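Asker: Here's a structure for you.
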Amino acid sequence: MEQVMSSINLSAIAPELILVVCSLLILLIQSFAPIRLKGWYGYVSLIGVVGAVAVVLTQPQSFELRAIEYSFNGMWVVDNYCRFFKLIFLLGTGLTILISIKYLDNEAMQHGEYYALIIFATLGMMIMSSGAELITIFLGVELMSISLYVLAGYTRNRMISNEAALKYFLLGSFATCFLLYGIALIYGSTGTTSIPAIAKFIAGAGFGGPTIVMGMALLVIGFGFKTASVPFHMWAPDVYEGAPAPVTAFMSAGPKAAAFAAFARIFMEALPSLQTNWTMLIWVMAVLTMSVGNVIALVQENIKRMLAYSSIAHAGYVLVAFLSAGERGISSILYYMLAYTCMNIGAFAVITVLAGKGEQRVRIADFRGLGYRHPIAALAMTLFLFSLAGIPPTGGFMGKFYIFSAAIKEGFVGLAIIGVINSVVSVYYYLRVTVAMYMQAPDTAAEKEIPVTVFSPALVIAIFISAYGVLSLGLFPSTYLAMVKLSFLTLL
Amino acid sequence: MMNALNLPILSLITYLPLVGIVAICLINNSRQDLIRWVAFGTSVVTFLVSLPLYFMFDCGTWEMQFVEDVPWISQFAVRYHMGIDGISLLLVLLTTFLSALAILSTWTAVTERVKGYMASLLFLETGMIGVFCALDFVLFYVFWEVMLIPMYFIIGIWGGPRRIYAAVKFFIYTMSGSVLMLVAILVLYFMNFEATGTYTFDILDYYNLGLPGNIQMWLFLAFFVAFAIKVPMFPFHTWLPDAHVEAPTAGSVILAGVLLKMGIYGFLRFCLPIFPQATIDFMPIVLALSVVGIIYGAMVSIAQDDIKKLVAYSSVSHLGYCMLGMFALNVDGLKGSLIQMINHGLSTGALFMIVGMLYERRHTRLISEYGGIMKVMPMFAALFLLVALSSMGVPGLNGFVGELLILIGAFKASLAFGMVATIGLILGAIYLLWMYRRVMYGQITKAENQNLKDMTGREYAYLLPIVLFIVWIGVYPKPFLKTMDASVDHLLETVNPRTSARMDGAKPTWLNDVVARVDFQQLAKGQGR
C-alpha cells in the first residue's frame, strides 16, 4: 500500500478550497455588487460545485486501486472511498441549488447566504469523508450541522420553519456532545485520535478495555442521530416537515451520506476488532430503523413528513449494508447512497414544483389529479417513488439488491428477510402518492387558489438529471459498479 | 442456437411494444383513434414477428432455442440471457396473440386517457414476454416486477368502483411473494458460489445442483409462495376476484390469459428442476391444495351473482387443474398442464371479452339483470355457448384435451386426488351452464334488454380468432402438443428419472396406481434425508 505522508499538500484539499472560495465570493458579491445581480448567486455557486467535481475527478492517484494519500500530518486522507462520497455530496448539492433558484424567487428570499450556507454544509460533509482522524471528522460534523441548523430555519417568517431550526439545533447539539464524548473516551484509552493509529493500538493491545467499548457506543449514538436511525430519529420528521422543501431535499441526502461515510470509516478502519461488540447493536438498530420508519410512514398525510419517515427507513437499509461489513457491504453503501441521492432529491424537486408559494400544498391529497395536470412531473414523481420502493428497473432496486446480497453473503439471511418485508410495507405508502396522482379526482376548489410553481429550466434540469440517474443506475449499473468497486478497497 | 435469419427475435418481440409506446407518446391526446390504431398495429406486428418462433422451432430438442446471451451486469455475473424451449414457446405466442386481441377488444370500452391505457397495455406486453424468455434470475425478476406497474395502473385508473383497493391489493400481494423469492435467489447464488466457485445467475446452471434436502425445502417454500400467489393457488387467491372484477376488460383478459400463467411457468422453470427433492416431498401437499382449489373455486363460482366474479373464481378452479397436472409429475399430467394453460388463456380470455361485450351494452354484470338475451343477440349466444362449453371441457373443444390429460396424469399419481378432481368437472358444468341459462335463455324480463344489438364487426374480429384456436386445439391438438414433448420429457428426467421412465413405458392401469403411490413414498424417504 502506497502511503505518502506530507505536512501541507494543497492539492489534496483543492476541491474543498474551491468551495471555500466560491462561498466567500458569493458573500462578497452580495455585499458589493448591485442588487439586480442577485439572480446570479445560484449560478455562481453552481460553478463552484462543478469546479469541485472536476477537481475531485482529476485528483492524483485517482486510478490506482489502493492509493491512499495522507497529508497534513495524517489529519487528511484522499482515497477513492472519499472521492466517491464527495461526488455524491456534490451531486446532491448541485441538484439542490438547481431546485432552490426558483423556489427562493417564489418566496422572495433570494439571498447569497443561502447558497453560501449550502456550500459550507457541503464542505463540512467533504471534511467528514476525508478526515483521517477523529477531530477532523468532528470539525466536519460541526461545520455541516451548524450550516444545516440555519438552513432549516431559512424561511424565517414561517413558524414551522423556525420550530424546525430550533428543534434541530437543540437536539443536534445534544447529539454532538455524545459524539465528542465518544471521541474523548477513545482518545483516553488509546492516546491518539488518528484512525490508523487507533486501529494499530487496538490490534496491539488485543482488546481496548471497557472505556473504548463505551466510546464506541457513544459514537454509535452520535452517528445514529446524524443518520436519523431509530431510536435517535425523533428530530427528523419535524425538521424535514418544517424546513424549506429544497433544504429538506438537501438534508435527506448529502448529510446522511456524509454521516455514513465517517461512521463507516471509523468503524471499519479504526474499530474493526470490536466488530463483535457492535454487530448486535447495529443489528437491532437496523431492524428498528427499517420497521419504525416504514410503519409510521404509512399513516402520514403530509408528503414531506412521509418522506422523512421513508428516509429513516432508508437509513435502516444502509445499516443492513453497514452490518455486512465486507467488500460487498461497503460498496453497496456507496451505490445505495448514490441511488438514494438521485431518487430522493428528484422526489423533492417535484414536491417543490407543486407546493406553490409558502408551501401550501404538501399534503398527499394535494397531489390528486397531478397525473393529468402535469403529466411529465407526475411521471417523474412516479419513477422516483417506484425507485424508493425498490421496484425494477430503477436504481433503488439495484441498490437494495446489492445491499441484501451483501447481507446474505455475510450470513444475515434473517435480516435480509426483515428488510425485504419492510420494502413491501413501504410500497403501500409510496403507492398512495401514485394513487392520488392518477386515480383520484382533483380537489378543484383548492386548485384555483394556489398556483403551481412555474417550471424553470433549472428545475427541469434537476428533475431530468435525477431521473436519468435513477434509470441508468437501474438499467446499466455496470459503470457505476466499476467505480464503486474501486472505492471500497482502500478501506479494508 | 441462433435462427436462420440471425435476428434476435426474442428481444425484438420483447421491445417492439416499447417502440409502440414511444410512437403513441408523440401523438396528440385528442386523436384517440390514431392512438388505438398505432397500439393495435404494434401488437399485431409483434404477433407476426413472433410467429416464426413456432415455425422455426425445433421440436426435437429440449435445449433452449433462439438464445441471446450477452453480459449485462458483469460485476454480479448477471447476463442478458434470453431463450425459449417447449415450455415457454406456446406461452410467448399466447401472450403476443392475446395482447393484440385485448387491445382490439378495448376500442370503445375505454374512452378516457386512451394514451396512457394503450401505453400501459403495451408496456405490460413487454414485461410478460420478458418473463417467459428470461433465462437469468435477475433479468427474470426485473421483468416479473416491472409487469406489476402497468397492471397496477390499468386496474387503478380504468377500473371499476373499488379499483384503488383492488389495484393496491394486487400490487402488494404479488410483491410480498416475490421479495421472498428474491432472497431465495440470492441464497442460491451464494450457495452455488460456495459449491462451484463461480458466480452465476443463469437459471440453467442451477438445474440439478444437488442441494441438500432441508435447504431445498426452505428455498422451495420461498419460490412456492411467490408463484402460488401469482397462480393463484388456494389459499393465496383472495387478490384475484378483486383484481378481476375491478379491472377493465382488456386488463381482465390479460390477467387471466397470461399473468396467471406466470405462476405455473415459474413452477415449471424454477421449482421443479432446481428443487427436485423438495418437489417430491411437497407433492402431496401441493396436490391437496390444487384439488381444494378446484372444488372451492367451482363452488364459489356457483354462488356468484356477478358474471365477471363467476369467471374470476372459475380461474381459481381451472388453475387448480394446471397445478394438479404439473405436480402429478408424469408426462400426461405435465403436458396437460401446459396445454391447459393455453386453453385457459383462450377460453377464459374469451369469457372475459364476452362479459365485456355484455357490460358495454348494459353497464351491469349482474346475472339477474339479464335473461333471454339469446332472442336479441343470436350470434352472440352461439359464440358464448361455444366458449362456455370449451371452458367446461366438452369433447371436441380445447378444454377437453387439457383436462383429460391432466386427469390421466392425476389418476396415475393418485387415485383419490384424481377422483376428487373429476368432481370439479361436474361443478364446472353446473356454474357455467346455469349462468348461461339465466343470462341467455328464458323470457326477456328487463325492458332495457329488448333492443340490444348483436355483435359488431370489431367484436367478431377479436372473438373469432380465439374461437378458431378453441376448435383447433380441441379437434387436432398435435401441432401444439408436439412442441412440448422434448422439454417435458427432459423436465421429468431432471425431477425424477425413475418415474418418468417407468410411466412412459407401460400405461399403468388404475390398479397399479397403488404401486406407483407406494413407490413415490419410498422414493421420498430414500432421497429425502
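Asker: Quick one: B:LYS115 ticks every box in (1) surrounded by fewer than 23 Cβ atoms within 10 Å (Cβ to Cβ); (2) more than 29 Å from B:ASN29 (Cβ to Cβ); (3) within 14 Å of chain A (Cβ to nearest Cβ) bar one, so which box is it?
Answerer: (2)
Asker: For segment B:258-308, enumerate the residues that are of a type in the set (Gly, Ala, Ser) and either crowded, with 23+ Cβ neighbours inside 10 Å or in contact (Cβ under 8 Å) with a residue 24 or more places away in the chain (or both). Steps first, please.
Answerer: Just the residues of segment B:258-308 that are of a type in the set (Gly, Ala, Ser), to begin with: B:263, B:266, B:278, B:288, B:290, B:293, B:297-298, B:301, B:303.
Listed by number, the residues that qualify are B:GLY263, B:GLY266, B:ALA278, B:ALA288, B:SER290, B:GLY293, B:GLY297, B:ALA298, B:SER301.
Asker: May I pose another question? Give the residues of segment A:106-116 that are in contact (Cβ under 8 Å) with a residue 12 or more places away in the chain and either of a type in the set (Gly, Ala, Ser) or farther than 19 Å from A:GLU359 by Cβ (or both), sorted by residue number. First the steps, then the outcome.
Answerer: Applying the first criterion (in contact (Cβ under 8 Å) with a residue 12 or more places away in the chain) to segment A:106-116 yields A:106-107, A:109-116.
Answer for segment A:106-116, where residues must be in contact (Cβ under 8 Å) with a residue 12 or more places away in the chain and either of a type in the set (Gly, Ala, Ser) or farther than 19 Å from A:GLU359 by Cβ (or both): A:GLY112, A:GLU113, A:TYR115, A:ALA116.
Asker: Further question on the same structure: Quick test of your reading of the structure: A:TYR429 fulfils all but one of (1) crowded, with 21+ Cβ neighbours inside 10 Å; (2) at pLDDT 90 or above; (3) within 25 Å of B:TRP72 (Cα to Cα). Name the failing condition by number.
Answerer: (3)
Asker: Name the residues in segment B:164-179 that are of a type outside the set (Gly, Ala, Ser), touching a residue at least 24 places away in the same chain (Cβ under 8 Å) and within 7 Å of chain A (Cβ to nearest Cβ), would you? Talk me through it step by step, then tell me what you get.
Answerer: Initially, segment B:164-179 is screened for residues of a type outside the set (Gly, Ala, Ser), giving B:164-165, B:168-175, B:179.
Of the ones still in play, those that are also touching a residue at least 24 places away in the same chain (Cβ under 8 Å) are B:165, B:169-170, B:173-175.
Correct list: B:MET175 only.
Asker: Taking segment A:219-257 on its own, how many of its residues are outside any helix (DSSP H, G or I), closer than 12 Å to A:SER311 by Cβ and not β-branched (Val, Ile, Thr)?
Answerer: 3
Asker: Which one of A:ALA446, A:ALA462, A:ALA467 is away from chain B (no Cβ under 14 Å) and modelled with pLDDT under 90? First the steps, then the outcome.
Answerer: Details: A:ALA462 fails: modelled with pLDDT under 90; A:ALA467 fails: modelled with pLDDT under 90.
Matching residue, one of A:ALA446, A:ALA462, A:ALA467: A:ALA446.
Asker: One residue is enough: does segment B:349-372 have a residue meeting the conditions under 25 Å from B:LYS309 (Cβ atoms) and touching a His at 6+ places or on another chain (Cβ under 9 Å)? Even if it seems obvious, please write down each step before you answer.
Answerer: If we filter segment B:349-372 for residues that are under 25 Å from B:LYS309 (Cβ atoms), which is where we start, we get B:349-372.
Next cut, touching a His at 6+ places or on another chain (Cβ under 9 Å) only: B:352.
Within segment B:349-372, one or more residues are under 25 Å from B:LYS309 (Cβ atoms) and touching a His at 6+ places or on another chain (Cβ under 9 Å).
Asker: Ok, one more. Taking the stated definitions as given, is A:PRO477 in contact with an Asp or Glu (Cβ under 6 Å, 6 or more places away or on another chain), at pLDDT 85 or above and within 13 Å of another protein chain (Cβ to nearest Cβ)?
Answerer: Values: in contact with an Asp or Glu (Cβ under 6 Å, 6 or more places away or on another chain): no; at pLDDT 85 or above: yes; within 13 Å of another protein chain (Cβ to nearest Cβ): yes.
So A:PRO477 fails the test.
Asker: Can you say whether A:GLU359 is within 12 Å of chain B (Cβ to nearest Cβ) and of a type in the set (Asp, Glu), as far as the supplied structure shows?
Answerer: On the way: within 12 Å of chain B (Cβ to nearest Cβ): no; of a type in the set (Asp, Glu): yes.
No.
Asker: May I ask you to list pairs of residues, at least six apart or on different chains, whose Cβ atoms are under 6 Å apart, with the first in segment A:314-327 being in contact (Cβ under 8 Å) with a residue 12 or more places away in the chain and the second being outside any helix (DSSP H, G or I) and among the hydroxyl-bearing types (Ser, Thr, Tyr)?
Answerer: A:ALA315/A:THR227; A:ALA315/A:SER229
Asker: Being at the interface with another protein chain (Cβ under 7 Å from one of its Cβ atoms) and of a type outside the set (A, V, I, L, M, F, W, C) is the filter here; which residues of segment B:147-162 pass it?
Answerer: Answer for segment B:147-162, where residues must be at the interface with another protein chain (Cβ under 7 Å from one of its Cβ atoms) and of a type outside the set (A, V, I, L, M, F, W, C): just B:GLY156.
Asker: In segment A:426-443, how many residues are within 9 Å of chain B (Cβ to nearest Cβ) and part of a helix (DSSP H, G or I)? Reasoning before the result, please.
Answerer: Just the residues of segment A:426-443 that are within 9 Å of chain B (Cβ to nearest Cβ), to begin with: A:427-428, A:431-432, A:434-435, A:438-440.
If we keep only those that are part of a helix (DSSP H, G or I) as well, we get A:427-428, A:431-432, A:434-435, A:438-439.
So the count comes out to 8.
Asker: Within segment B:121-133, how many residues are over 16 Å from the mean Cα position of the chain (by Cα) and crowded, with 23+ Cβ neighbours inside 10 Å? Even if it seems obvious, please write down each step before you answer.
Answerer: Filtering segment B:121-133 for residues over 16 Å from the mean Cα position of the chain (by Cα) gives B:121-123.
Now restrict to residues that are crowded, with 23+ Cβ neighbours inside 10 Å: B:121-122.
So the answer is 2.
Asker: Scan (1) among the aliphatic types (A, V, I, L, M); (2) modelled with pLDDT of 90 or more; (3) within 24 Å of B:LEU338 (Cβ to Cβ) for the single condition B:MET435 breaks and write down its number.
Answerer: That leaves (3) as the condition not met.
Let's see how each residue does on (1) farther than 19 Å from B:ILE254 by Cβ; (2) of a type in the set (A, V, I, L, M):
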| position | (1), (2) |
| --- | --- |
| B:MET82 | yes, yes |
| B:ILE103 | no, yes |
| B:LEU135 | yes, yes |
| B:MET147 | no, yes |
| B:TYR152 | no, no |
| B:GLY159 | no, no |
| B:TYR165 | yes, no |
| B:LYS169 | no, no |
| B:VAL183 | yes, yes |
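Asker: Can we say B:LEU204 is in contact with a strand residue (DSSP E or B) (Cβ under 9 Å, 6 or more places away or on another chain), more than 9 Å from chain A (Cβ to nearest Cβ), among the aliphatic types (A, V, I, L, M) and surrounded by fewer than 22 Cβ atoms within 10 Å (Cβ to Cβ)? First the steps, then the outcome.
Answerer: Values: in contact with a strand residue (DSSP E or B) (Cβ under 9 Å, 6 or more places away or on another chain): yes; more than 9 Å from chain A (Cβ to nearest Cβ): yes; among the aliphatic types (A, V, I, L, M): yes; surrounded by fewer than 22 Cβ atoms within 10 Å (Cβ to Cβ): yes.
So B:LEU204 fits the description; yes.
Asker: Condition (residue is under 30 Å from B:MET56 (Cβ atoms), exposed (fewer than 14 other Cβ atoms within 10 Å of the Cβ) and among the basic types (Lys, Arg)) applied to segment B:467-483: is it met by at least one residue?
Answerer: Yes; the residues of segment B:467-483 include at least one that is under 30 Å from B:MET56 (Cβ atoms), exposed (fewer than 14 other Cβ atoms within 10 Å of the Cβ) and among the basic types (Lys, Arg).
Asker: Looking only at segment B:14-55, which residues are in contact with a helix residue (DSSP H, G or I) (Cβ under 8 Å, 6 or more places away or on another chain), among the aromatic types (Phe, Trp, Tyr) and more than 30 Å from A:ARG373 (Cβ to Cβ)? Can you show your working first?
Answerer: Of segment B:14-55, the ones in contact with a helix residue (DSSP H, G or I) (Cβ under 8 Å, 6 or more places away or on another chain) are B:14-21, B:23-25, B:27, B:29, B:32, B:35-36, B:38-47, B:49-54.
With the extra rule that they be among the aromatic types (Phe, Trp, Tyr), the set shrinks to B:15, B:40, B:47, B:54.
Matches in segment B:14-55: B:TYR15, B:PHE47, B:TYR54.
Asker: Filter the helices (runs of 4 or more DSSP H) completely within segment B:372-483 down to those with at least 3 residues that are within 19 Å of the chain's Cα centre (by Cα).
Answerer: Details: elements: B:373-376, B:378-392, B:398-413, B:415-440, B:457-475, B:478-481.
The helices (runs of 4 or more DSSP H) meeting that bar are B:378-392, B:398-413, B:457-475.
Asker: Is it the case that B:TRP144 is of a type in the set (Phe, Trp, Tyr) and within 14 Å of another protein chain (Cβ to nearest Cβ)?
Answerer: yes
Asker: One residue is enough: does segment A:383-405 have a residue meeting the conditions surrounded by fewer than 20 Cβ atoms within 10 Å (Cβ to Cβ), in a helix (DSSP H, G or I) and facing chain B (nearest Cβ under 8 Å)?
Answerer: No, every residue in segment A:383-405 fails to be surrounded by fewer than 20 Cβ atoms within 10 Å (Cβ to Cβ), in a helix (DSSP H, G or I) and facing chain B (nearest Cβ under 8 Å).
Asker: Related question: What number goes with the only condition from (1) assigned to a helix (DSSP H, G or I); (2) within 14 Å of another protein chain (Cβ to nearest Cβ); (3) in contact (Cβ under 8 Å) with a residue 40 or more places away in the chain; (4) touching a Leu at 6+ places or on another chain (Cβ under 8 Å) that A:ALA377 does not pass?
Answerer: (2)
Here's the yes/no breakdown for (1) away from chain A (no Cβ under 14 Å); (2) modelled with pLDDT of 90 or more; (3) part of a helix (DSSP H, G or I):
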position: B:VAL183; (1), (2), (3): no, yes, yes
position: B:VAL187; (1), (2), (3): no, yes, yes
position: B:ALA195; (1), (2), (3): yes, no, yes
position: B:THR198; (1), (2), (3): yes, no, no
position: B:ASN208; (1), (2), (3): yes, no, no
position: B:GLN216; (1), (2), (3): yes, no, yes
position: B:MET233; (1), (2), (3): yes, no, no
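Asker: Just one of the numbered conditions (1) over 21 Å from the mean Cα position of the chain (by Cα); (2) outside any helix (DSSP H, G or I) is not true of B:ARG36; which one?
Answerer: Just one mismatch for B:ARG36, condition (2).
Asker: Mind checking which residues of segment B:314-341 are over 14 Å from B:LEU404 (Cβ atoms), small (Gly, Ala, Ser) and within 11 Å of the chain's Cα centre (by Cα)?
Answerer: B:SER315
Asker: Report, by residue number, each residue of segment A:406-423 that is more than 21 Å from B:GLY177 (Cβ to Cβ), touching a residue at least 60 places away in the same chain (Cβ under 8 Å) and either more than 7 Å from chain B (Cβ to nearest Cβ) or assigned to a loop (DSSP other than H, G, I, E, B) (or both). Break it down into steps so the answer makes sense when it comes.
Answerer: Within segment A:406-423, the subset more than 21 Å from B:GLY177 (Cβ to Cβ) is A:406, A:409-412.
Imposing the further condition that a residue be touching a residue at least 60 places away in the same chain (Cβ under 8 Å) reduces the set to A:406, A:409-410, A:412.
Listed by number, the residues that qualify are A:ALA406, A:GLU410, A:PHE412.
Asker: So A:MET234 fits all but one of (1) within 13 Å of the chain's Cα centre (by Cα); (2) surrounded by fewer than 23 Cβ atoms within 10 Å (Cβ to Cβ); what number is the exception?
Answerer: (1)
The values are calculated or read from the model by the stated rules, or taken from the named source; none is laboratory data. Everything numeric here is computed off the predicted structure, so don't read it as measured data. Cβ sites come from the backbone with ideal geometry, for glycine too, and all protein chains shown count toward neighbours.
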